[in-house]
Amino acid sequence: MDIRIFKNEAEIGKAAGQLFCDAVKENPSCVLGLATGATPVPTYNYITKAYADGKVSFKNVSTFNLDEYCDLPKTHKNSYYTFMHEQLFNSLDIKEENVHFLDGNAEDTEEECARYDAEINNAGGIDVQLLGIGNNAHIGFNEPADEFTVGSFKVKLTDSTINANKIYFDEGAMPHYALTMGIEQIMRAKKIVLIATGEKKAEAIKNMVEGEVTPQVPASILQNHKDVVIFLDEAAASLLNK
Ligand code: GLP
(Lines give C-alpha, C1' and ligand atoms only; values in the text may rest on other atoms or scores of the structure.)
Protein backbone atom coordinates (compact mmCIF):
# COMPACT_ATOMS: atom_id res chain seq x y z
CA MET A 1 0.00 0.00 0.00
CA ASP A 2 1.30 3.42 -0.91
CA ILE A 3 0.62 5.49 2.22
CA ARG A 4 1.17 9.24 2.20
CA ILE A 5 0.77 11.38 5.28
CA PHE A 6 -0.17 15.06 5.06
CA LYS A 7 -0.32 17.91 7.55
CA ASN A 8 -4.04 18.60 7.25
CA GLU A 9 -7.19 17.93 5.23
CA ALA A 10 -6.56 20.85 2.88
CA GLU A 11 -3.24 19.26 1.81
CA ILE A 12 -5.02 15.95 1.23
CA GLY A 13 -7.66 17.73 -0.82
CA LYS A 14 -4.93 19.25 -2.96
CA ALA A 15 -3.09 15.94 -3.49
CA ALA A 16 -6.19 13.83 -4.12
CA GLY A 17 -7.82 16.55 -6.24
CA GLN A 18 -4.68 16.86 -8.35
CA LEU A 19 -4.53 13.09 -8.81
CA PHE A 20 -8.10 13.10 -10.17
CA CYS A 21 -7.44 16.11 -12.41
CA ASP A 22 -4.32 14.39 -13.78
CA ALA A 23 -6.32 11.21 -14.47
CA VAL A 24 -8.89 13.25 -16.42
CA LYS A 25 -6.21 15.16 -18.34
CA GLU A 26 -4.52 11.89 -19.28
CA ASN A 27 -7.80 10.24 -20.31
CA PRO A 28 -10.55 12.85 -20.89
CA SER A 29 -13.21 10.13 -21.14
CA CYS A 30 -12.19 8.25 -18.02
CA VAL A 31 -14.63 6.63 -15.61
CA LEU A 32 -14.45 7.82 -12.00
CA GLY A 33 -15.88 6.14 -8.92
CA LEU A 34 -16.89 8.74 -6.33
CA ALA A 35 -17.57 8.85 -2.61
CA THR A 36 -19.61 11.00 -0.26
CA GLY A 37 -19.08 12.07 3.34
CA ALA A 38 -17.24 15.04 4.83
CA THR A 39 -13.77 13.70 3.98
CA PRO A 40 -13.86 14.21 0.18
CA VAL A 41 -15.17 17.80 0.37
CA PRO A 42 -11.69 19.46 0.16
CA THR A 43 -10.88 17.15 -2.77
CA TYR A 44 -14.07 18.22 -4.56
CA ASN A 45 -13.30 21.88 -3.78
CA TYR A 46 -9.89 21.49 -5.38
CA ILE A 47 -11.40 19.88 -8.49
CA THR A 48 -14.10 22.54 -8.95
CA LYS A 49 -11.45 25.27 -8.60
CA ALA A 50 -9.20 23.56 -11.17
CA TYR A 51 -12.19 23.43 -13.53
CA ALA A 52 -13.09 27.09 -12.88
CA ASP A 53 -9.48 28.04 -13.61
CA GLY A 54 -9.74 26.29 -16.99
CA LYS A 55 -7.21 23.60 -16.10
CA VAL A 56 -9.38 20.55 -16.75
CA SER A 57 -12.64 19.63 -18.45
CA PHE A 58 -15.09 16.90 -17.41
CA LYS A 59 -17.24 17.02 -20.53
CA ASN A 60 -16.45 13.43 -21.50
CA VAL A 61 -15.97 12.00 -18.01
CA SER A 62 -18.41 9.47 -16.52
CA THR A 63 -18.93 8.92 -12.81
CA PHE A 64 -20.45 6.22 -10.65
CA ASN A 65 -21.18 6.91 -7.01
CA LEU A 66 -20.53 4.21 -4.45
CA ASP A 67 -23.84 4.24 -2.66
CA GLU A 68 -27.19 5.86 -1.96
CA TYR A 69 -29.68 5.78 0.89
CA CYS A 70 -32.91 3.85 0.49
CA ASP A 71 -36.32 5.46 0.85
CA LEU A 72 -35.09 9.03 0.63
CA PRO A 73 -36.42 11.10 -2.28
CA LYS A 74 -33.65 11.53 -4.88
CA THR A 75 -33.55 15.29 -4.41
CA HIS A 76 -33.87 15.23 -0.60
CA LYS A 77 -31.30 17.54 0.99
CA ASN A 78 -29.47 14.56 2.50
CA SER A 79 -29.45 12.25 -0.53
CA TYR A 80 -26.05 11.47 -1.95
CA TYR A 81 -27.44 12.59 -5.32
CA THR A 82 -27.99 16.08 -3.86
CA PHE A 83 -24.65 16.06 -2.03
CA MET A 84 -22.70 15.23 -5.18
CA HIS A 85 -24.49 17.84 -7.28
CA GLU A 86 -23.94 20.54 -4.66
CA GLN A 87 -20.33 19.65 -3.92
CA LEU A 88 -19.14 18.79 -7.41
CA PHE A 89 -21.30 18.21 -10.47
CA ASN A 90 -23.14 21.57 -10.53
CA SER A 91 -19.77 23.32 -10.73
CA LEU A 92 -18.34 21.22 -13.59
CA ASP A 93 -19.07 20.77 -17.29
CA ILE A 94 -19.90 17.09 -16.72
CA LYS A 95 -22.99 15.87 -18.61
CA GLU A 96 -25.88 14.81 -16.39
CA GLU A 97 -26.35 11.65 -18.45
CA ASN A 98 -22.80 10.62 -17.58
CA VAL A 99 -23.42 10.87 -13.84
CA HIS A 100 -24.62 7.58 -12.32
CA PHE A 101 -26.22 6.66 -9.01
CA LEU A 102 -27.90 3.64 -7.53
CA ASP A 103 -31.62 4.40 -7.18
CA GLY A 104 -32.40 3.92 -3.50
CA ASN A 105 -36.12 4.17 -4.27
CA ALA A 106 -36.23 1.37 -6.82
CA GLU A 107 -39.09 -1.05 -6.16
CA ASP A 108 -37.01 -4.05 -7.15
CA THR A 109 -33.64 -3.45 -5.52
CA GLU A 110 -32.07 -6.61 -6.95
CA GLU A 111 -32.96 -5.50 -10.45
CA GLU A 112 -31.67 -2.01 -9.71
CA CYS A 113 -28.34 -3.36 -8.42
CA ALA A 114 -27.97 -5.61 -11.49
CA ARG A 115 -28.70 -2.60 -13.73
CA TYR A 116 -26.01 -0.54 -11.99
CA ASP A 117 -23.39 -3.29 -12.16
CA ALA A 118 -24.12 -3.77 -15.88
CA GLU A 119 -23.81 -0.04 -16.46
CA ILE A 120 -20.39 0.02 -14.81
CA ASN A 121 -19.29 -2.92 -16.96
CA ASN A 122 -20.64 -1.30 -20.12
CA ALA A 123 -18.64 1.82 -19.31
CA GLY A 124 -15.51 -0.35 -19.26
CA GLY A 125 -15.13 -0.46 -15.46
CA ILE A 126 -13.90 2.21 -13.10
CA ASP A 127 -10.52 3.78 -13.82
CA VAL A 128 -10.01 5.65 -10.54
CA GLN A 129 -12.10 5.02 -7.43
CA LEU A 130 -12.22 7.49 -4.55
CA LEU A 131 -12.99 6.03 -1.12
CA GLY A 132 -13.52 7.36 2.37
CA ILE A 133 -13.69 4.99 5.30
CA GLY A 134 -16.22 4.52 8.09
CA ASN A 135 -15.23 4.42 11.77
CA ASN A 136 -15.80 0.65 11.56
CA ALA A 137 -13.64 0.42 8.39
CA HIS A 138 -16.60 0.20 6.02
CA ILE A 139 -16.06 1.29 2.42
CA GLY A 140 -19.03 2.45 0.38
CA PHE A 141 -21.66 1.04 2.71
CA ASN A 142 -20.01 -2.38 3.01
CA GLU A 143 -20.36 -2.97 6.72
CA PRO A 144 -18.34 -5.55 8.68
CA ALA A 145 -19.71 -8.94 7.62
CA ASP A 146 -18.97 -12.66 7.47
CA GLU A 147 -18.01 -12.56 3.78
CA PHE A 148 -16.72 -10.02 1.33
CA THR A 149 -19.56 -8.85 -0.89
CA VAL A 150 -19.48 -9.06 -4.69
CA GLY A 151 -21.74 -6.73 -6.71
CA SER A 152 -24.13 -3.97 -5.66
CA PHE A 153 -26.66 -4.90 -2.98
CA LYS A 154 -29.06 -3.57 -0.36
CA VAL A 155 -27.49 -3.26 3.08
CA LYS A 156 -28.83 -2.70 6.57
CA LEU A 157 -26.66 -0.02 8.15
CA THR A 158 -24.98 -0.76 11.47
CA ASP A 159 -25.50 1.29 14.64
CA SER A 160 -21.94 2.65 14.25
CA THR A 161 -22.72 4.02 10.79
CA ILE A 162 -26.13 5.36 11.82
CA ASN A 163 -24.60 7.13 14.82
CA ALA A 164 -21.84 8.67 12.69
CA ASN A 165 -24.19 9.98 10.00
CA LYS A 166 -27.41 10.81 11.84
CA ILE A 167 -26.11 14.29 12.70
CA TYR A 168 -26.87 15.29 9.09
CA PHE A 169 -30.54 14.30 9.43
CA ASP A 170 -33.52 15.60 11.37
CA GLU A 171 -34.07 13.55 14.53
CA GLY A 172 -34.97 9.95 13.64
CA ALA A 173 -35.00 10.64 9.89
CA MET A 174 -31.82 8.82 8.89
CA PRO A 175 -32.57 5.82 6.68
CA HIS A 176 -31.44 2.45 8.02
CA TYR A 177 -30.93 0.88 4.60
CA ALA A 178 -28.84 1.79 1.58
CA LEU A 179 -27.74 0.43 -1.78
CA THR A 180 -24.01 0.12 -2.24
CA MET A 181 -21.44 -1.18 -4.65
CA GLY A 182 -19.94 -4.46 -3.42
CA ILE A 183 -16.38 -5.07 -2.31
CA GLU A 184 -15.33 -7.19 -5.29
CA GLN A 185 -16.67 -4.55 -7.59
CA ILE A 186 -14.73 -1.80 -5.78
CA MET A 187 -11.62 -3.96 -6.03
CA ARG A 188 -12.01 -4.15 -9.83
CA ALA A 189 -11.24 -0.41 -10.12
CA LYS A 190 -7.90 0.02 -11.86
CA LYS A 191 -6.70 2.50 -9.26
CA ILE A 192 -8.06 3.21 -5.77
CA VAL A 193 -7.50 6.36 -3.71
CA LEU A 194 -8.61 6.18 -0.07
CA ILE A 195 -8.61 9.32 2.02
CA ALA A 196 -9.09 9.58 5.79
CA THR A 197 -8.72 12.40 8.27
CA GLY A 198 -9.06 12.78 12.01
CA GLU A 199 -8.47 10.71 15.10
CA LYS A 200 -11.86 8.99 14.76
CA LYS A 201 -10.50 7.07 11.77
CA ALA A 202 -7.14 6.07 13.34
CA GLU A 203 -8.22 2.63 14.53
CA ALA A 204 -9.94 1.75 11.25
CA ILE A 205 -6.78 2.80 9.39
CA LYS A 206 -4.55 0.71 11.63
CA ASN A 207 -6.77 -2.35 11.17
CA MET A 208 -6.97 -1.75 7.43
CA VAL A 209 -3.21 -1.45 6.95
CA GLU A 210 -1.73 -3.69 9.64
CA GLY A 211 -4.48 -6.15 10.53
CA GLU A 212 -5.45 -9.37 8.80
CA VAL A 213 -7.54 -9.24 5.63
CA THR A 214 -11.04 -10.02 6.89
CA PRO A 215 -14.60 -9.05 5.95
CA GLN A 216 -14.97 -7.88 9.57
CA VAL A 217 -12.65 -5.02 8.50
CA PRO A 218 -14.02 -4.41 5.00
CA ALA A 219 -11.26 -1.95 3.98
CA SER A 220 -8.56 -4.53 4.80
CA ILE A 221 -9.24 -6.09 1.38
CA LEU A 222 -7.37 -3.12 -0.11
CA GLN A 223 -4.13 -4.79 0.99
CA ASN A 224 -4.75 -7.11 -2.00
CA HIS A 225 -5.17 -4.34 -4.59
CA LYS A 226 -2.13 -3.65 -6.70
CA ASP A 227 -2.63 0.08 -7.20
CA VAL A 228 -3.97 1.69 -4.04
CA VAL A 229 -2.87 4.97 -2.57
CA ILE A 230 -3.88 6.07 0.92
CA PHE A 231 -3.85 9.76 1.85
CA LEU A 232 -3.97 10.38 5.61
CA ASP A 233 -3.57 13.30 7.93
CA GLU A 234 -1.38 12.84 11.00
CA ALA A 235 -4.34 12.10 13.28
CA ALA A 236 -5.71 9.31 11.06
CA ALA A 237 -2.17 7.86 10.78
CA SER A 238 -1.43 8.20 14.49
CA LEU A 239 -1.85 4.51 15.44
CA LEU A 240 0.23 3.11 12.55
CA ASN A 241 3.55 1.47 13.42
CA LYS A 242 6.23 3.93 12.39
C1 GLP B 1 -20.62 7.08 4.70
C2 GLP B 1 -20.34 6.82 3.24
C3 GLP B 1 -18.92 6.37 3.02
C4 GLP B 1 -17.97 7.34 3.72
C5 GLP B 1 -18.24 7.32 5.20
C6 GLP B 1 -17.34 8.25 6.00
O7 GLP B 1 -20.84 5.91 5.39
N8 GLP B 1 -21.22 5.82 2.69
O9 GLP B 1 -18.65 6.30 1.63
O10 GLP B 1 -16.64 6.98 3.46
O11 GLP B 1 -19.59 7.76 5.39
O12 GLP B 1 -17.82 9.55 5.98
P13 GLP B 1 -17.03 10.81 6.48
O14 GLP B 1 -16.05 11.14 5.40
O15 GLP B 1 -18.07 11.86 6.65
O16 GLP B 1 -16.37 10.43 7.75
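For segment 151-162, a tally of residues being of a type outside the set (D, E, K, R) and away from the ligand (no atom under 11 Å from the Cβ) returns 3.
Within segment 87-125, the set of residues being more than 19 Å from the chain's Cα centre (by Cα) and part of a loop (DSSP other than H, G, I, E, B) comprises 93, 95, 105, 106, 107, 108. For residue 146, the conditions (1) in contact with a Gly (Cβ under 7 Å, 6 or more places away or on another chain); (2) away from the ligand (no atom under 11 Å from the Cβ); (3) not β-branched (Val, Ile, Thr) all hold with the exception of (1). Taking the stated definitions as given, is residue 56 aliphatic (A, V, I, L, M) and farther than 24 Å from residue 11 by Cβ? It is false that residue 56 is aliphatic (A, V, I, L, M) and farther than 24 Å from residue 11 by Cβ. Given the condition in a loop (DSSP other than H, G, I, E, B) and modelled with pLDDT of 95 or more, answer yes or no: does some residue in segment 200-211 qualify? Within segment 200-211, one or more residues are in a loop (DSSP other than H, G, I, E, B) and modelled with pLDDT of 95 or more. Please tell me if residue 112 is away from the ligand (no atom under 13 Å from the Cβ), more than 26 Å from residue 47 (Cβ to Cβ) and without any contact (Cβ under 8 Å) to a residue 24 or more places away in the chain. Against the criterion (away from the ligand (no atom under 13 Å from the Cβ), more than 26 Å from residue 47 (Cβ to Cβ) and without any contact (Cβ under 8 Å) to a residue 24 or more places away in the chain), residue 112 does not qualify. Beta carbons closer than 9 Å, at least 6 apart along the sequence or on distinct chains, pair a first residue in segment 45-60 that is over 16 Å from residue 96 (Cα atoms) with a second that is β-branched (Val, Ile, Thr) and not in a loop (DSSP other than H, G, I, E, B) for 47/24; 56/24; 56/47.
The number of residues in segment 29-86 being within 16 Å of the ligand (Cβ to nearest atom), in a loop (DSSP other than H, G, I, E, B) and polar (S, T, N, Q) comes to 4. Scanning segment 101-133 for residues that are in contact with a Lys or Arg (Cβ under 6 Å, 6 or more places away or on another chain) and farther than 24 Å from residue 229 by Cβ returns a single hit, 109.
Is there a residue being polar (S, T, N, Q), surrounded by 18 or more Cβ atoms within 10 Å (Cβ to Cβ) and within 27 Å of residue 225 (Cα to Cα) anywhere in segment 63-73? Yes, segment 63-73 has at least one match. Scanning segment 117-131 for residues that are within 16 Å of the ligand (Cβ to nearest atom) and either under 11 Å from residue 164 (Cβ atoms) or β-branched (Val, Ile, Thr) (or both) gives 126, 128.
Count of segment 11-56 residues, restricted to those that are closer than 30 Å to residue 166 by Cα and more than 18 Å from the chain's Cα centre (by Cα), is 2.
Each row is one residue, and each column tells you yes or no for (1) buried (at least 17 other Cβ atoms within 10 Å of the Cβ); (2) part of a helix (DSSP H, G or I); (3) among the acidic types (Asp, Glu); (4) free of Cβ contacts under 8 Å to residues at least 24 places away in the same chain.
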position: 150; (1), (2), (3), (4): no, no, no, no
position: 155; (1), (2), (3), (4): yes, no, no, no
position: 167; (1), (2), (3), (4): no, yes, no, yes
position: 172; (1), (2), (3), (4): no, no, no, yes
position: 175; (1), (2), (3), (4): yes, no, no, no
position: 179; (1), (2), (3), (4): yes, no, no, no
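The values are calculated or read from the model by the stated rules, or taken from the named source; none is laboratory data. Worth saying up front: this structure is predicted, and the values here are computed from it rather than measured. Here Cβ is always computed from backbone atoms with ideal geometry, including for glycine, and neighbour counts include all displayed protein chains.
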